[in-house]
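First up is the structure itself, then whatever we jot down about it.
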Amino acid sequence: MSIAPPPFPNARARALAAVTGLAQRVSERSGRRRSPAPPVDRSLAVEVRAVHRPCPDVAEVVLVPAGAEPLPRWRPGAHVDVRLPSGLWRQYSLCGDPADRSCYRIAVRAVPGGTGSAQVHAVTPGTRLILRGPRNAFPLAAAPEYLFLAGGIGITPIAPMVRAVHAAGRPWRLVHTGHDLASMPLSGELAALAPDRVRRRPDDRDGPPDAAELLAGTSSSAAVYCCGPPPMIDAVRRALPAGQRLHSERFSPPPIRDGRPFTVRIDGGPEVAVPADRTALDAVRAVRPDVPYSCRQGFCGTCHVRLLSGTTVADTAGPGRTALCVGRSAGADLVVDLGG
Ligand code: FES
């Protein structure tokens, strides 16, 4: 859905327009913007400058360019693909200041059993990493006012949005949920901007949040931005009045709705049955565990392969290709080339 840019009648509003890039942007009702993977030659070499621990299980990593060039520009909501020391690619939201091109900041919670987060927590100053991007799948659009909802580490893309909207003088509120205050990074410093606009809501004190409570007092003209676990986003979406805008970003793949089984034939290899409730990526990796993936949401490009025959739906990979993590057959079976 295209959104016509509203007028920007004053300097602060023009500042917000510059941050959001609304004039060039097409925003989706879901807030999820699918963008193609950047070409490999846009890879950036960076070095870890510092690692902070804003919470016991969160590593906030400061990345600086390995060369003399400043880092590419970005806007609130953007993420980078990070190649970790093992070669794994993972996506992390940028949570620092977009105006500071001398460094990027990411904040990563340690996930029990998580290989990616464990590697981020193991980096030390001087560790070299490769980045791709930044890209923005969660753009900040101009709106008369904002409600920001963050669940746990979902605060990372929200933090630069809050700072931008605050600097532009627009009305905003933030509700940050989490298990306990000690596990909720970044919102303490955001509260210093405007204490009466930030509610830090730990479950151990206030009980599990419900969507009606999170949305209480929100005007119908507010843009609602939500980043957190899928149940939180789904509950907020269900509780919003019809017509109210929701922009969201998930931690994990969206559920498969109304999926139908199909078959993927790997060129020169076996046929793989894809059940109605699984992705082609899951099914293919059961026989070819070396097939790479990262975001599992269609936008990073890691699992995109050449589509030799068949037609897909829900795909994000562009003509002649398919994203194994989200693309499904539109009817006939698919034939893919895993080498391309
Ligand atoms: S596009 Fe990222 S894993 Fe499929």
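Side notes on the structure shown:
- Per this entry, Leu308 is not counted among residues that are away from the ligand (no atom under 16 Å from the Cβ) and under 23 Å from the mean Cα position of the chain (by Cα).
- Across the range 132-154, the qualifying residues are those that are outside any loop (DSSP other than H, G, I, E, B) and out of contact with any His (no Cβ under 9 Å at 6 or more places or on another chain), and the one among them that is nearest to Gly87 (Cα to Cα) is Arg132.
- The condition of being out of contact with any Pro (no Cβ under 9 Å at 6 or more places or on another chain) and touching a residue at least 12 places away in the same chain (Cβ under 8 Å) holds for only one of Gly243, Gly259, Gly268, Gly207, that being Gly243.
Yes/no per residue for (1) crowded, with 17+ Cβ neighbours inside 10 Å; (2) in the same structural domain as Gln91 (by TED's automatic domain parsing); (3) more than 10 Å from the ligand (Cβ to nearest atom); (4) small (Gly, Ala, Ser):
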| position | (1), (2), (3), (4) |
| --- | --- |
| Glu271 | no, no, yes, no |
| Pro275 | no, no, yes, no |
| Ala283 | yes, no, yes, yes |
| Pro289 | no, no, yes, no |
| Arg296 | yes, no, no, no |
| Thr302 | yes, no, no, no |
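- Some residue of the range 101-119 being farther than 24 Å from Gln297 by Cα and within 17 Å of the chain's Cα centre (by Cα): no
- Which listed residue is surrounded by 13 or more Cβ atoms within 10 Å (Cβ to Cβ), over 24 Å from the mean Cα position of the chain (by Cα) and at pLDDT 95 or above, from Ala159, Ala164, Ala168, Ala194: Ala194
- Test: residue in the range 321-337 that is at pLDDT below 85, near the ligand (Cβ under 10 Å from one of its atoms) and in contact with a Ser or Thr (Cβ under 8 Å, 6 or more places away or on another chain): no
- Subset of the range 31-86 that is of a type in the set (S, T, N, Q) and out of contact with any helix residue (DSSP H, G or I) (no Cβ under 9 Å at 6 or more places or on another chain) - its residue that is modelled with the lowest pLDDT: Ser35
- Checking Ser102 against (1) touching a Cys at 6+ places or on another chain (Cβ under 8 Å); (2) of a type in the set (S, T, N, Q); (3) farther than 30 Å from Asp290 by Cβ, the condition it does not meet: (1)
- Cβ-Cβ contacts under 6 Å between residues 6 or more apart (or on different chains), taken from a first residue in the range 301-313 that is farther than 12 Å from Arg328 by Cα to a second residue that is more than 14 Å from the ligand (Cβ to nearest atom) and in a loop (DSSP other than H, G, I, E, B), are listed as Arg306/Gly340; Leu308/Asp267.
- Only strands (runs of 3 or more DSSP E) whose full extent lies in the range 224-340 are considered here, and the ones with at least 3 residues that are closer than 18 Å to Ala137 by Cβ are 246-250.
- In the range 272-300, of all residues being out of contact with any Cys (no Cβ under 8 Å at 6 or more places or on another chain) and either touching a residue at least 40 places away in the same chain (Cβ under 8 Å) or among the polar types (S, T, N, Q) (or both), the one that is nearest to Gln91 (Cα to Cα) corresponds to Cys300.
- Lone unmet requirement of (1) surrounded by 14 or more Cβ atoms within 10 Å (Cβ to Cβ); (2) closer than 21 Å to Cys295 by Cβ for Ala142: (2)
- Check on Asp100, acidic (Asp, Glu) and at pLDDT below 95: no
- Candidate set: the range 311-320, residues that are more than 7 Å from the ligand (Cβ to nearest atom) and crowded, with 18+ Cβ neighbours inside 10 Å; chosen: the one modelled with the highest pLDDT: Thr312
- Test: Phe251 is under 22 Å from the mean Cα position of the chain (by Cα), more than 23 Å from Val165 (Cα to Cα) and aromatic (Phe, Trp, Tyr): yes
The values are calculated or read from the model by the stated rules, or taken from the named source; none is laboratory data. Predicted model, so just to flag it, every value in this text is computed and none were measured. Cβ: placed from backbone, ideal geometry, glycine included. Neighbour counts: every protein chain shown.
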